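Read-outs: derived from the displayed coordinates by stated rules, not from any lab. Note that this is a predicted model, so its numbers are computed, not measured. With ideal geometry, Cβ positions are generated from the backbone for all residues, glycine too; neighbour counts draw on all protein chains shown.
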Amino acid sequence: MSDPTIVPEAESAPPVVAVHGASRLTAVNIDAYNSLLREDDGFVGDRARRAAFFEIFDRWRELAGGQDHPLIGDAPTEEISKKTLDEAFANGTPQEQALILSAVEDYAGELATVIKRFLRSKEWRDTERIAIGGGLKSGRFAEIAMARAELLLRAGDIDIQLRPIRSEPDEAGMIGTAHLAPSWMFGSFDNILAVDIGGTNMRAGIIRLNLDKATDLSKARVRTMELWRHGDEDEMKRDEAIDRLVDMLKDLIRQAEKEDISLAPFIGIGCPGEILHDGSIETGAQNLPGNWESSRFNLPHAIWEAIPSIGGRETTVIMHNDAVVQGLSETPFMQDVTRWGVLTIGTGLGNARFTNRTPPKEAEKDSGKEKPAKEKAKPKAGKG
């Protein structure tokens, strides 16, 4: 496929509806994202990435003498699934449960340390709640590690809440793209195309906004999704990866036409790295196939060039950092606080900090409870 430049020719440029990587969206201001805090031996966030948990677990297995446990077995740690760990944590032998509990405790300490470092930065100061997402979040053992990290922080006089992202990790990164566009774009549509690009997988899907049920997008759901594990491909080139992604999107468009699903002329993209306003990627895309940080590569324009229209209407493509987008899926559920963040535990540790643009709503509304209606005054009985 062609190699689009950052500044394409005017006659072939996509429409400008909103900037990529925007710091100001309809519901929130984005105070910081993709923060790369460093320490002597690398990035601070690496201490809480997905691989860090399994490295800790592996150390405890070695201390246990490499026993062949009934549920965990003797397979290499990297081959043990989160489902297996959850089953062993709940129903395994005391030795298996002790192994996992030890890893959970150590990992919780690392996660708490990383969060402390973020909270000391100017951009993350006064954060009230952090949503935790990413692939590791889907394990029950990981959710317990998050709860333990919150207790450790509170023991250190840091008053903060850690909460798992509500949506499945595979879906949150696509649902959040709906918050990238101005709300007027969806006036006549209830479905959009979304893309979530990760260091191992690429996902494309149709998101049903369910605006008739909730205008704040709290009921948005993934209608259908295609998954491609690009991490399994050897020597995959960048343009080959884009062609595969475009094919996934075109398949979804054909499916929507077949099922009479009305798609908005919009594609939202979450992608690793620092996203510049023109859609180019400054840094942070090193885990993607090929060179995505080239000055001559522009992903939104490449997608628009391949899919210039949807349903006869010109396509708008908007891209932001993948952790930002995953965090945006939590926006409707963060209305009882002012400043909040997201950490996505995956190949690396994605991060973003947000400030709501409207004052916090009352807790009763956030919890879904309606305020009791005021009782109408009864008319006084007249004389006679």
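Structure notes:
- Label-point gap, in nm, between ASP126 and MET236 - each point 7 angstrom along Cα→Cβ: 4.2
- Averaging 1/r across all pairs of distinct Cα atoms in the range 169-247 and inverting the result yields a Kirkwood radius of 13.6 Å.
- For the chain, with +1 on Lys and Arg beta carbons and -1 on Asp and Glu, the positive-most of LEU343, PRO169, PHE333 along the dipole: PHE333
- Among beta bridges that DSSP assigns inside the chain, antiparallel share in %, nearest 5: 65
- The percentage of C-alpha pairs in the range 57-154 whose separation is greater than 22 Å is 35%.
- Label-to-label distance for LEU71 and SER295 is 5.6 nm, based on points extended 7 Å past Cα in the beta-carbon direction.
- Proportion of all alpha-carbon pairs of the range 213-277 beyond 18 Å (%): 55
- Within the chain, helix-based [θ] at 222 nm, where runs of 4 or more DSSP H residues each add -39,500 (n - 2.57), nearest 500: -9500 deg cm²/dmol
- Loop-resident sites, the range 271-355, for trypsin sites (Lys or Arg not before Pro), counting at most 10 other Cβ within 10 Å (DSSP): ARG296
- Quarter of Cα convex hull surface for the range 267-364, i.e. mean projection, nm²: 8.4
- The Stokes-Einstein estimate for the chain, based on a Kirkwood radius over Cα pairs and taken at 20 °C with 1.002 mPa s viscosity, is a diffusion coefficient of 96 µm²/s.
- Once the convex hull of all Cα atoms in the range 196-355 is built, its volume per residue stands at 122 Å³.
- Loop-located trypsin sites (Lys or Arg not before Pro) in the range 90-157 (DSSP state not H, G, I, E or B) with no more than 14 neighbouring Cβ atoms inside 10 Å: LYS122, ARG125.
- Ordering of 163-175, 226-238 by burial proxy (mean other Cβ atoms within 10 Å per residue, highest first): 163-175, 226-238
- Per residue convex hull volume, Cα atoms of the range 40-112, in Å³: 91
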